[in-house]
Amino acid sequence: LAYTLYAKSRLSNHPFVIINCFLFTPEDLLLLNENPATIYFKNIGQIPQQRFEELFSLIKDLKIYEKNKLIFTFYSGASESIQKRYNMIINHFSCVTIQVPPLRDQVDLIPDLSGIYISKLNLSMAKNILGFEADALSVMKSYDWPGNYNQFKRIINQLVLSTDTSYIKASAVTKLLENEVYHSTTNSDPANAILISKDKTLEEFNYDIIMQVLAEEKGNQSSAAKRLGISRTTLWRILQKKTAADR
């Protein structure tokens, strides 16, 4: 949605910049203020209060909002303190708000959204997956999606990564969704939670972690191996062993 707003704006021929609010520095904003851009402030509802106040002051004092298009995202139904941040943002910077319905209320979009994500992942992962089996789509549409669109995208990544047939099977979807267990706190994003399963061996648990990291790295085994602290050969052997065991 943020990218679509950028693409259709008068600044579409200028940079589109994503600021991770956990990692920004004042120097980042100073550099951005040199030329017009669309700036998407990601995770602004999840950062500590002190960091939010620092970021808010910088945007205001440097007048970042005067020649740039700013985009902020918040989860609706958040805590009272997050609601206060939301009010500060929309009132001070005169924001137009767009309410995005949760995925659980838009399940009819799942086939089309799946097709879009799978097409992109086929290119980045050198796959040739055509889509979901009918029963698999039914399982996807019946799930509650507590992590919303971020969770949905991550699940699609993992399914594409682990599928070696033309269509994603219902059994694969069911197994993956049954293993979705979230440990939510006020400052955590459920889409980034660690996956756990109470009935798995250590080897299976390690495999789940590897699959999650691979999904986050869009199938890049070298990057995933580096994050995991293992060699690319070791990673390849683990994946091959699991594939052979499932046959």
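The values are calculated or read from the model by the stated rules, or taken from the named source; none is laboratory data. If you're wondering where the values come from, they're calculated on a predicted model, not measured in any experiment. Virtual Cβ from ideal backbone geometry, glycine too; neighbours counted across all protein chains shown. What goes into the accessible areas is simple: the full protein's heavy atoms, side chains included, and nothing from ligands, DNA or RNA. Shrake-Rupley method; radii C 1.70, N 1.55, O 1.52, S 1.80 Å.
Might you work out the accessible area of C95 for me, using a 1.4 Å probe with all protein chains in place, and round it to the nearest 10 Å²?
Ignoring ligands and nucleic acids, C95 comes out at about 40 Å².
Once you keep just the Cα pairs under 8 angstrom separated by 6 or more residues, what percentage relative contact order results for the stretch 20-95? Don't skip to the end; give the middle numbers.
Working: 58 pairs, mean separation 27.7, N = 76.
Contact order relative to length: 37 percent.
Could you work out what % of the accessible surface of the chain is carbon and sulfur, using a 1.4 angstrom probe and leaving DNA, RNA and ligands out of the count?
Numbers: 7630 of 14720 Å².
Percent of accessible area from carbon and sulfur atoms in the chain: 52.
Please determine, in degrees from 0 to 90 and to the nearest 10, the orientation of helix 202-216 with respect to the longest principal axis defined by the Cα atoms of the chain, where the helix direction is its Cα long axis.
The two axes meet at around 50 degrees.
Suppose only helical runs count, i.e. DSSP H with n ≥ 4. What mean residue ellipticity at 222 nm does that imply for the chain under -39500 (n - 2.57) per run, divided by all residues and rounded to the nearest 500 deg cm²/dmol? Each step should come with its number before you reach the end.
On the way: 12 runs with 130 residues, N = 247.
Rounded to the nearest 500, the figure is -16000 deg cm²/dmol.
Could you rank I116, I210 by how accessible they are, 1.4 Å probe, largest area first? Write down the numbers at each step before the final one.
Numbers: I116 90, I210 10 Å².
The residues order as I116, I210, largest area first.
Can you match log10 I(q)/I(0) by the Debye sum over Cα atoms at q = 0.10, 0.13 Å⁻¹ to one of these, [x] -0.48, -0.82; [y] -0.75, -0.90; [z] -0.60, -0.97, based on a calculation from the structure here?
Recomputing log10 I(q)/I(0) by the Debye sum over Cα atoms at q = 0.10, 0.13 Å⁻¹ here picks out [z].
By how many degrees, between 0 and 90 and to the nearest 10, does the Cα long axis of helix 49-61 differ from the longest principal axis of the chain?
Orientation of helix 49-61: about 50 degrees from the principal axis.
Which cross-chain or sequence-distant (5 or more) residues have an amide H under 5 Å from the amide H of L70, H modelled 1.01 Å from N in plane?
Distant-sequence amide H within range of L70: I39.
Quick check for me: using +1 on Lys/Arg Cβ and -1 on Asp/Glu Cβ, what's the dipole size of the chain about its Cα centre, in debye to the nearest 20?
Values: 28 positive and 25 negative charges, 105 e Å.
Using only the charged Cβ atoms, the result is roughly 500 debye.
How about the stretch 1-87: which trypsin sites (Lys or Arg not before Pro) there lie in a loop by DSSP and see at most 10 other Cβ atoms within 10 Å? Could you put the intermediate results ahead of the total?
On the way: sites: K8, R10, K42, R51, K60, K63, K67, K69, K84, R85; in loops: K8, R10, K63.
Answer in residue order: K8, R10, K63.
Using a Förster distance of 45 angstrom, determine the FRET efficiency expected from the C-beta separation of N122 and L31, and round it to 0.05. Write out the running numbers ahead of the final one.
Numbers: r = 36 Å, r/R0 = 0.79.
For R0 = 45 Å, the calculated efficiency reads 0.80.
Given the pairs K42/K63; K127/K241; K67/K153; K169/K226; K42/K141, which are separated by over 25 angstrom at their Cα positions?
Numbers: K42/K63 19 Å; K127/K241 20 Å; K67/K153 33 Å; K169/K226 30 Å; K42/K141 27 Å.
In this structure, K67/K153; K169/K226; K42/K141 lie more than 25 Å apart at Cα.
For E66 and H14 in the same chain, what is the full-extension length gain: residue separation times 0.36 nm, less their Cα-Cα distance, in nm? Could the numbers behind the result be given before it?
Details: separation 52, 0.36 × 52 = 18.72 nm, distance 1.52 nm.
Difference between extended and current length: 17.2 nm.
Take every Cα pair under 8 Å in the chain that's 6+ residues apart, average their separations, divide by the length, and report that relative contact order as a whole percent. Intermediate results must be reported in sequence, preceding the final value.
Values: 245 pairs, mean separation 32.5, N = 247.
Averaging sequence separation for qualifying contacts and normalising by length gives 13 percent for the chain.
Keeping every protein chain present and rolling a 1.4 Å probe, give me the accessible area per residue for the chain in Å². It would help to have the intermediate numbers written out before the result.
Values: 14720 Å² over 247 residues.
Value for the chain: 60 Å² per residue.
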